[in-house]
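Report on the structure given below.
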Amino acid sequence: MSEEILKVEDLRTYFYSYTKEAFIRSVDSVSFSIRKGEVLGIVGESGCGKSVAAQSILGLITDGPGIISGNIFLTRNDKTVNLLDGLSDYASIRTKRKAILEISKDISGWLKRSESLMKGIRGKVISMIFQNPKSALNPFITVGDQISESIMLHKGIQAKKEAMAIASKWLERVQIDSPSMRLYDYPHGLSGGMCQRVMIAMALSSEPSLLIADEPTTGLDVTIQTKIVELLKKLREELALTILLITHDMNVIMQLADRIAVMYGGRIVEYGLKKEIMDSNSFIRHPYTIALLNSIPTIGEIKAKERLRAIKGDVPDTITLYRGCRFYERCTLKNDRIKKRCKEAEPEMIEIGTGHYMRCWLAE
Amino acid sequence: MKFILWKPILKLVLREFFIAVFLLLGVSIVIFSILHLAPGDPLHIFINIQTQNPEDVALLKRELGLDRAIPIQYLSWLNKLLHGNFGNSFRTGKPVFGELIKVGVNTLMLTIGSMIVTLLIAIPIAVISSLRRHPVLSWGLTLFAYILSALPVFYLGYIVIYIFTKKFNLFPFLPSGAVSSSKFNLIYFFLPIMVLGVGNGSISEIVRHLKMQLERVLSEDYIKAAKAKGASIWRHSFKEGILIPVTTMVAAKIPFILGGAVVVEQVFNWPGMGRLAWQAALDRDYPVIMGITLFAAVFVHVGRLTQTLVFAFVNPQTGEKGEGD
């Protein structure tokens, strides 16, 4: 088993809402790890904290009052650093109705420390690609300048010409036609799919140890989505990439991921290898995972014009402190035997197979 | 590698020139009308109209060309202007153009210098407060900017003169007639430029506009992406977040600065266009007033043209290319 590159422990990212006078628990005690060369997919509906978790790793959450806590261990060349190291020095702890709330006191102090911790990591060790690629590229700078900036910053190349040549190679790698001409284009002249290819080229040009793909297919046409997924698949094999893939699209997860973490309401509810979670023979799965899988229509169903099996109800707001299971309201598998328990207490992560964890009372 | 497509930019410049011609024509008509509608008579600088005998008055009027119908007067002025002649001043009899060039340079130095002072104060305040990292500091600085902007320039001018030249004797006060003598040097520029830079009332507006734009740009996706790739967010936000709003504000504030210059030049005895305008307005010196107005209109329009050009160079979608590092 290869080494763990990134290990996230008990990550919490809360935002404070002045209007509701409460914390929005976007990411609530999330733990996962990524091994070298694997693709970990985090899946869940919109608003369950996937993107916030990813951005917390790179320290991109800077605005608004709130809390970040936990540990993010990054291993590189046998050296491990904690990206949230010393965070507690900048926070004061306050309790409110028995719940412990850490309120960051010295925000600017922490941001400064975070910047210095992140220096040499952002873009170099961990790269990120975003959703809506058209707005994630700087509209005022040419594609070539944006890619070569990354190369010059992280690959120790001083000459602009050399960097541009490498940039052109990367554009070729992400299958952009006539790359040496595209270098001088501005993002507004490119289609959404091409912008995402440019983003991928830019992210990979520094040869990072980990690529965070935050909803890489969102905001693109369906046909382009497929092409981007195929491109990521191809690049992954060529370059032995380690990817943290964040998406709400089960199809993307099924095509790319080795392991899956299913998130719901700020928590991971199921975590394990794809083959175990997706295996239709697997006797036990989280009700939410089952619902997600059922929501994908099969070709037979589309032909028969059946209604889509959407999950009834909405994602719970992450402001209310729930005593019971967060999926209780929408769960279709709760039976009379466990119903009371589901409502009263939140289940812990239970190991139901090797490396396969689930947060459900059904597992007991 | 940089390359610029000049054709669209040339087209823009030509369009601006075309606009300028009509703009200046309109301005001259409006000002000419206002001058003649307002009470007062330029003859009073030469003679006492009440006591002078009517024949002399009529003669003087004919000499100055004031006996003709007002539209004819305008057309004759325009005709002369098209031949490069701004007319002669009623008061001094000298050609207006030469006079304007002489004082125009002084005013230009005063306005450009004070604009730089304004920007040097406003930009750091806007940048610091847009970061939202130091709430108390940025609150204090913003308040400071508002207080500065609330100070009227004539008041500030006299206070500064009192403190710096009378009380501490740090800077010399420009004596009348110093312009032509060898005494006139750069030290005289300092106080008027500082006073107009601080007191022209646009600091707070520039801070507000720039801060708003910077905050908007800093929350754009592409800035987050730039941060994620380890690049400087300032390099990425400069064009949209600083260059464009600053250019917009400078172009919009030129008329106000010119207005402030009139007052500052009075207060500091500064030999510029503003003081000339003031004297000409008192004298009803029509050719001088018309000349000054046209100069000011050209100045304002050049500001606008600069803004258009900066936009064209910066924004790849309107002007096509012009990318520097």
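Quick one: give the max-minus-min coordinate of the C-alpha atoms of region B:230-318 along each principal axis, largest first, in Å.
Principal extents (Cα only, largest first): 63, 27, 14 Å.
Can you tell me the Rg and the Dmax, both Å, for the Cα atoms in region A:104-206?
Taking only Cα atoms of region A:104-206, I get Rg and Dmax of 15.0, 52 Å.
Taking K and R as +1 and D and E as -1, what net charge do the other residues with C-beta under 15 Å from the C-beta of B:L14 add up to?
Cβ neighbours under 15 Å give a net charge of +3.
Under 23 Å between alpha carbons, and skipping anything fewer than 8 positions from A:K161 in its own chain: which lysines qualify?
Counting by Cα, and skipping residues close in sequence, A:K161 has these lysines nearby: A:K124, A:K169, B:K2, B:K229, B:K321.
If N is the number of residues in region A:274-323, what value comes out of its Cα radius of gyration divided by 2.2 N^0.38 Å?
Computed over Cα atoms of region A:274-323, the ratio equals 1.49.
Treating only the Cβ of Lys, Arg, Asp and Glu as charged (+1, +1, -1, -1), what charge dipole size does the protein assembly as shown show about its Cα centre? Round to the nearest 20 debye.
560
Could you go through region B:72-89 in sequence order and give the Karplus-derived ³J(HN,Hα) for each residue, using 6.51 cos²θ - 1.76 cosθ + 1.60 with θ = phi - 60°, rounded to whole Hz, and x for Gly and Pro?
5, 4, 4, 4, 5, 4, 5, 4, 5, 4, 5, 8, x, 10, 8, x, 10, 5
How much space per residue, in cubic angstrom, does the convex hull of the C-alpha atoms of chain A take up?
Roughly 165 Å³ of hull volume per residue.
Which residues' amide hydrogens lie under 5 Å from the amide hydrogen of B:S89, considering only partners 5 or more residues apart or on another chain, with H built in the peptide plane?
Hits under the 5 Å cutoff: B:K94, B:V96.
Could you tell me which of rounded, prolate or oblate describes region A:208-328, using a ≥ b ≥ c as the square roots of the eigenvalues of the alpha-carbon gyration tensor, with rounded for a/c under 1.5 and, failing that, prolate when a/b is larger than b/c and oblate otherwise?
Oblate shape, in that a/c is at least 1.5 and b/c is the bigger or equal ratio.
Excluding ligands and nucleic acids, what accessible area in Å² is computed for A:C342 using a 1.4 Å probe, to the nearest 10?
10
Let me know the shape class of region B:75-135, please: from the alpha-carbon gyration tensor, a ≥ b ≥ c as square roots of the eigenvalues, rounded when a/c is under 1.5, otherwise prolate if a/b is greater than b/c, or oblate.
prolate
For B:K227, give me every one of the aspartates and glutamates with a C-alpha distance below 19 angstrom, ignoring sequence neighbours fewer than eight places off in its own chain.
A:D63, A:E115, A:D145, A:E149, A:E207, A:D214, A:E215, B:E215, B:E240, B:D325
Please compute the modelled spin-label separation between B:I101 and B:F46, points set 7 Å along Cα→Cβ, answer in nm with one decimal.
Distance between the two pseudo-spin positions: 2.7 nm.
Could you give P(r) for region A:9-76, binned at 10 Å from zero, as whole percent values over all Cα-Cα pairs?
All Cα pairs considered, the percentages come to 18, 51, 25, 5, 1.
Hey, rough spin-label estimate for B:M109 and B:R15, points 7 angstrom out along Cα→Cβ, what's it come to in nanometres?
About 3.8 nm, to one decimal.
Provide, in order from the shortest bin, the percent of all Cα-Cα pairs of region A:294-359 in each 10 Å bin, continuing until the bin that contains the maximum pair distance.
That works out to 17, 33, 32, 17, 1, in percent per bin.
Starting from the Cα of B:F311, step 7 Å along the direction of its Cβ; do the same at A:T75; then give the gap between the two resulting points in nm.
The modelled label-to-label distance comes out at 5.6 nm.
Starting from the amide H of A:I350, placed 1.01 Å from N in the peptide plane, find each other amide H under 5 Å away whose residue is 5 or more places distant or on another chain.
Residues meeting the amide H criterion: A:M358, A:R359, A:C360.
Rounded, prolate or oblate: which fits chain B, taking a ≥ b ≥ c as square roots of the Cα gyration tensor eigenvalues, rounded meaning a/c under 1.5, else prolate when a/b beats b/c?
oblate
So what's the net charge close to A:D28: Lys and Arg +1, Asp and Glu -1, counting the other residues with Cβ under 12 Å from its Cβ?
+3
Bins of 20 Å, beginning at zero and ending with the bin holding the largest distance: percent of Cα pairs per bin for the protein assembly as shown, please.
14, 35, 26, 16, 7, 1, 0
For chain B, with a Gaussian network of springs between Cα atoms less than 10 Å apart, report the residue from B:V127, B:V105, B:V57 with the top mean-square fluctuation.
Fluctuation is largest for B:V57.
Using θ = phi - 60° and the Karplus curve 6.51 cos²θ - 1.76 cosθ + 1.60, what whole-Hz ³J(HN,Hα) does each residue of region A:289-300 get, with Gly and Pro shown as x?
4, 4, 4, 4, 5, 5, 6, 7, x, 8, 4, x
For region B:228-244, take each phi angle, set θ = phi - 60°, evaluate the Karplus expression 6.51 cos²θ - 1.76 cosθ + 1.60, and give the result in whole Hz per residue in order, putting x for glycine and proline.
Taking θ as phi minus 60°, the curve returns 5, 8, x, 8, 6, 5, 6, 4, 7, 9, 4, 5, 7, x, 10, 4, 5 Hz for region B:228-244.
Please compare each pair in A:K312/A:K340; A:K36/A:K339; A:K50/A:K160; B:K11/B:K239; A:K234/A:K334 to a cut-off of 30 Å on the Cα-Cα distance and tell me which ones are over it.
Long pairs (Cα-Cα over 30 Å): A:K36/A:K339; A:K50/A:K160; A:K234/A:K334.
Rolling a 1.4 angstrom probe over the protein chains, ignoring ligands and nucleic acids, what is the accessible area of A:K79 in square angstrom, nearest 10?
Its accessible surface works out to 150 Å², give or take rounding.
When only the heavy atoms of the protein chains count and the probe is 1.4 Å, how do A:M278, B:M212, A:M263 rank by accessible area, highest first?
In descending accessible area the options line up as B:M212, A:M278, A:M263.
Under a Cβ-Cβ cut-off of 12 Å, what is the net charge of the residues other than A:S206 that fall near it, where Lys and Arg count +1 and Asp and Glu count -1?
+2
The values are calculated or read from the model by the stated rules, or taken from the named source; none is laboratory data. These numbers come from a predicted model, not from an experiment. Here the Cβ is made from the backbone with ideal geometry for all residues, glycine too, and neighbour counts use every protein chain on show. We work out accessible area using only protein heavy atoms, side chains counted, and drop any ligands, DNA or RNA first. Shrake-Rupley method; radii C 1.70, N 1.55, O 1.52, S 1.80 Å.
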